[in-house]
Amino acid sequence: MCSVNAGESAQTAQEPIRVVIADDHVLYRRGLQTVVTQEEDIDIIGEASDGQEAIDRTVEMLPDVVLMDVRMPRVSGIEACAAIKSQVPSTKIIMLTMSDEESDLYEAVKAGANGYLLKDVPGEEIAAGIKAVMGGDSLISPSMASKLLAEFAQMSKKSPDRPTTVGAPRLTERELEVLKLVARGMANKEIAHQLFISENTVKNHVRNILEKLQLHSRMEAAMYAVRENLLDPEE
């Protein structure tokens, strides 16, 4: 490893991402910890075996990210997610589950989750996901994004007479393009490639979209796109 002088170190050094793992299965927590802590810039600072403990640990330790099982005793992961977002809104939450049920995904989004991963993904992807949500991305696979859109499409069909904000007038044409791709679960790099713009430009567009629409996450933006009929789920 090459050495750097004090000035360079001060400019490049970054604090590790502080993570709490909440899961009622001890062996899964241990396995996840083993994989995730192989990354030098991620630290596991605490664990929780149920939803209430996850809330308590988060309030006490103020982690950057909580990896949260959906189904846990005492308080469910989704209920814990909502409570944490209320009490410690700066903490990012990635829901981990064995379930690919649309209802669980939808409830997680409503609770404020920043990501939703199935437990059978490689541990390396979870580590990458932690970094992604810290960088402002949402974390949802294209297949789960499709389920999310399908759920919202069903909701909109149940209330066809509800008024829409046609064209979302506060968004530019480019922002609308970005919003549609965000709603399809595409990452910033993929959007940049699709629209022939830089990744930093995409990040700026996403930031502006969320600010203009007063939303807190990319998944909320996906919900907004379908709810306001800005995106045809069949296209």
message = Let me check I've understood the local charge: for P16, count other residues with C-beta under 12 angstrom from its C-beta, Lys and Arg +1, Asp and Glu -1. What total comes out?
response = -4
ask   = On average, how much accessible surface per residue is there in segment 14-100, in Å², for a 1.4 Å probe, leaving out ligands, DNA and RNA?
value = 47
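The values are calculated or read from the model by the stated rules, or taken from the named source; none is laboratory data. None of these values were measured; they are calculated from a predicted model. Counting neighbours? That spans all protein chains shown, and the Cβs are built from the backbone with ideal geometry, glycine included. In case anyone asks, the SASA skips ligands and DNA or RNA and just uses the protein heavy atoms, side chains included. Shrake-Rupley method; radii C 1.70, N 1.55, O 1.52, S 1.80 Å.
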